[in-house]
Structure formats: C-alpha cells, structure tokens
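Undergrad: Before we start, here is the structure in question, set down as structure tokens.
What follows is calculated from the coordinates using simple rules that are stated; it is not laboratory data. Here the structure is a predicted model, which means the values were calculated and not measured. Note: ideal-geometry Cβ built from the backbone for every residue, glycine included; neighbour counts use all protein chains shown.
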Amino acid sequence: MAKYGRSASKNVESTMRRRKRGTLKSSSGRKVKSRKQAIAIGLNEARSKGAKVPSRKSSGSRKRKSSSRKTSARTSSSRKSSARKSSRSSSAKKR
C-alpha cells in the first residue's frame, strides 16, 4: 500500500516548481531555498487539502529523548562529584 496519494505528489511537484521559480515562501514570508523545506511545505499543503499523507511525527517524542539524555548526564556528573568529595575527605583524614 502506498504511503502518499497522487494528489499529494502533484502538490509537492507544484511546490518544487514554485521553489525553482523563486515564488515559494515560508510562513515567515522569506523565500524558500532548501529542497527539504519545499517538500515539507508541499506535504503540509496536501495534508490541509485532505490528501493521503502520513501524519507529522510529534515533536513530543523527540523532546522526551533529549530530556532523558540530559538527566542521565546530570546523574553521572553528580556521581563523579560525590566520588571526588569522598576521596578528598578520606585524604584529609589521613593527614
């Protein structure tokens, strides 16, 4: 079964033509120069028209992954600092 419908591919095709002509603009109003951005805009327009296009990947799953990395990095750094503190206190006791 195909992921994208014919109308979606036609929409992306017309978007790519607009990009080549220099008439395609992003939501901020700037000219689109990136090929990937042009494809994304074409798929988004197709979605809004009701064409068969898979839904966007949610940004929430990406955020969760990055936050879990940050917390694991924090815990490992805190372990290192606690290990340093314990070694310092033991060396101070020896003196």
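Undergrad: Would you report the distance distribution of C-alpha pairs in region 6-49 as whole percents per 5 angstrom bin, up to the bin with the largest distance?
TA: 5, 28, 35, 23, 8, 1
Undergrad: Around Ala46, what is the net charge, scoring Lys/Arg as +1 and Asp/Glu as -1 over all other residues with Cβ under 11 Å from its Cβ?
TA: Details: positive: Arg6, Lys10, Arg47, Lys49, Lys52; negative: Glu13, Glu45.
Neighbour charge sum, excluding Ala46 itself: +3.
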